[in-house]
1. Could you check the stretch 62-88 and list, in sequence order, the residues that are part of a loop (DSSP other than H, G, I, E, B) and farther than 22 Å from residue 710 by Cα?
2. Can you tell me which residues in the stretch 416-430 are closer than 24 Å to residue 661 by Cα and either within 16 Å of ligand 1 (Cβ to nearest atom) or among the hydrophobic types (A, V, I, L, M, F, W, C) (or both)?
3. Select from the stretch 361-377 the residues that are part of a strand (DSSP E or B) and touching a Ser or Thr at 6+ places or on another chain (Cβ under 9 Å) and write down the one among them that is farthest from ligand 1 (Cβ to nearest atom).
4. Might you let me know whether the stretch 264-278 holds any residue that is in contact (Cβ under 8 Å) with a residue 40 or more places away in the chain and assigned to a loop (DSSP other than H, G, I, E, B)?
5. For residue 216, only one of the following conditions fails: (1) surrounded by 23 or more Cβ atoms within 10 Å (Cβ to Cβ); (2) within 16 Å of ligand 1 (Cβ to nearest atom); (3) at pLDDT 95 or above. What is its number?
6. Would you check which residues across the stretch 190-212 are under 20 Å from the mean Cα position of the chain (by Cα) and in a helix (DSSP H, G or I) and list them?
7. So, residue 105, is that one hydrophobic (A, V, I, L, M, F, W, C), on the phi < 0 side of the Ramachandran plot and not in a helix (DSSP H, G or I) or not?
8. Which members of the stretch 614-641 meet the condition of being of a type in the set (Asp, Glu) and either touching a helix residue (DSSP H, G or I) at 6+ places or on another chain (Cβ under 8 Å) or without any contact (Cβ under 8 Å) to a residue 12 or more places away in the chain (or both)?
Amino acid sequence: MVPLPADRAYSYGVPEGMVVRPGSIVAVPLGPRLVAGVVWDGAGEGVNPAKLRPLAHVFDCPPLPEPMRRFVEWVARYTLSPPGLVARMVLRTPVAFDPEPMMDALRFTGTAPERMTAARERVLAVAGEAPAWTRSGLAHAAGVTASVVDGLTKAGVFETVSLPPLPVVPEPDTGYARAELSPDQAQAASRLVERVEKGGFSATLLEGVTGSGKTEVYFEAVARALERGGQVLILLPEIALTQSFIDRFHARFGAEPAQWHSDVAPRTRERVWRQVMEGRVRVVAGARSALFLPFRDLGLVIVDEEHDPAYKQEDRTFYHARDMAVVRARFAACPVVLASATPSLESRVNAAKGRYGHVRLASRFEDAALPDLRLVDMRRHPPARGQFVSPVLRTAIEETLGKGQQALLFLNRRGYAPLTLCRVCGHRFQCPQCSTWLVDHRLRGALQCHHCGHAERRPEACPECGTLDHLVPCGPGVERIAEEMLGAFPQARTILLSSDLPGGARRLRRELDAVADGEADIVIGTQLVAKGHHFPLMTLVGAVDADLGLANGDPRAAERTFQLLHQVTGRAGRTGLKSRGLIQTFQPEHPVMQAIASGDAEIFYERETAERERAGLPPFGRLAAIIVSAADRRQAEEHGRALRANAPEGFGIELLGPAEAPLSLLRGRWRFRLLAQGTRQARLQDFLRALIIAAPRPRGSVQVQIDVDPQSF
Ligand code: ADP
Ligand code: ZN
């Protein structure tokens, strides 16, 4: 299996004297190149060995475990991706296939040099502190230049030895600092631990209100899985921002977990990959791509914040990491725990139907009260012209600051304003490549498209009518709210948290720490502040435009909005201080707003479940989106029609469309969408395969992408 869009494994000959078995990682000739691949299975049928090109090389690397190969095949079948492309997600780190070279190190021989100098004395003074040194490490520790060390080595004071490279991460110690659990937590933990001890596959939903201590609870299951000798995978959304998670893990286990996400240096990633495969790395905390790490003996999978949209990957292979984590655990025959305060409807229904276990934590740790939640009807409490924070919220901020506590203003929109308009002629700035407005980013001094990255300078004059100084921003983004707060509370320390600010993840981590340490008074942020953070002094959360996510016609909009508002207000009052959440809305009667205000999640879940069931939507029915795109609008639409006209019968699937996709122009490509809908029993994948085969070959720039279980529909 080569990491290319190939439908199946290729056949190669095994040269005399070379030993391979299923799972071996090898290099094979492909056209003029050599590529890495995995020996998938034994010989294919009907191949003539004499005609085969030989394998070029076997890497000195443990074989890819069998459950991993079956997982790759399963993901490929389910998502309708070529298995080679799924295998590529496993083989992403090719340099890791050979063992790491031994490291040159210096060992103190105990002999004294004939000639002594002050610098040499300094080296000798520290030489005994470690069993072996790197040359530069020793020089650094002694505060001398490396040539002093070289001189001593020549004089026989140090000898050069070869040592295996240091482990990426030290072993976690399961008894390092066991938390004292509350009775509720202890009971929840024991149910998870039971699952681990029983062994084999099981799925459990760990549902606990924000601040109930879900992390402490699942750490007990992690400890048990480690004691049984297994490896543990913990998936987290936006792991690059969750230094606090790493710190908590360290506090509990005395060592950090290995990390796996795009921000980890390539060299470290190679080592993690290799050592996961050798079973030396015991715990990985990672983003969704960590699912494809070659664990040798997986004993437990945790998916934290399992409802989070960041788990859905929507390029090349479309997959949902939560769902695939359950499959991964099944192939590894180990338990999986899905944790959330606001579970996805899918997991809720799976738990209700008994397919998943359901463990609940009903109250916050140490009985900290949940915030007092109130809707602010924006029709009755309008802000001043050109502003977005109502007088009610403003007063609340003032009171909060007066008590020396923190306020969080949440708005899920980056930049300064979502639209720029010419007041004279009505011209709107639009992306030339996408069907969206350009977002005004004042801090960067550009108008920017959030879909393709296109950016242009904000001109002084309207490009349409030429009038100077009449371009106006419409609507708020977080930068504009920050400006409003600076004007209203000039003395307060205001921090803006948004993923697009200069400095990237590193700066965000620092700022999140600063907020947790009380070094800010007003925090303004996008959805990234809603996720799992623990801010001890935060006692007020204001949702600036709570209706924002409800605006699009997506049936999942209500669920998303509910989860986001619940999570963000859950940042308040986590240490027992009296706290509140104010939700600014123009539709206070909307069921989502009512459910949020009542603080009763059950109302929301019941209603939403009933509605989905009635409409036959997931999780009660199955759905796939087929996106047809092309540089030419007509070609895209025509191919969409051709798919529909040639659709196979007899699968019990209804095909809708083609209709313009929600983003009808993206990166210069026109997009049309068909939706395939069926019951839970319908053979959706078989239908999709037949659909693609039956359609005429795509012409010109036409591309077809399939998204099984689309997140928006
Ligand atoms: P959740 O993930 O459910 O929102 P956390 O696991 O983040 O909650 O816990 C909330 C806070 O309470 C954290 O600061 C955590 O350290 C603390 N906490 C929870 N349980 C315990 C415990 N048993 N002992 C000490 N601190 C705890
Ligand atoms: Zn664009």
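The values are calculated or read from the model by the stated rules, or taken from the named source; none is laboratory data. Model, not experiment: these values are computed from the prediction. Cβ sites come from the backbone with ideal geometry, for glycine too, and all protein chains shown count toward neighbours.
1. Step one: list which residues in the stretch 62-88 are part of a loop (DSSP other than H, G, I, E, B), which gives 62-65, 80-82.
Listed by number, the residues that qualify are 62, 63, 64, 65.
2. Result: 419, 429.
3. Keep residues of the stretch 361-377 that are part of a strand (DSSP E or B), which gives 361, 372-377.
From what is left, the residues that are touching a Ser or Thr at 6+ places or on another chain (Cβ under 9 Å) are 361, 372-373, 375-377.
Details: 361: 7, 372: 18, 373: 17, 375: 23, 376: 25, 377: 29 Å.
That would be 377.
4. No; the residues of the stretch 264-278 include none that is in contact (Cβ under 8 Å) with a residue 40 or more places away in the chain and assigned to a loop (DSSP other than H, G, I, E, B).
5. Single failed check for residue 216: (1).
6. Those that are under 20 Å from the mean Cα position of the chain (by Cα) and in a helix (DSSP H, G or I): none in the stretch 190-212.
7. Working: hydrophobic (A, V, I, L, M, F, W, C): yes; on the phi < 0 side of the Ramachandran plot: yes; not in a helix (DSSP H, G or I): yes.
Yes, satisfied.
8. First, the residues of the stretch 614-641 that are of a type in the set (Asp, Glu): 632, 637-638.
Listed by number, the list holds a single entry, 638.
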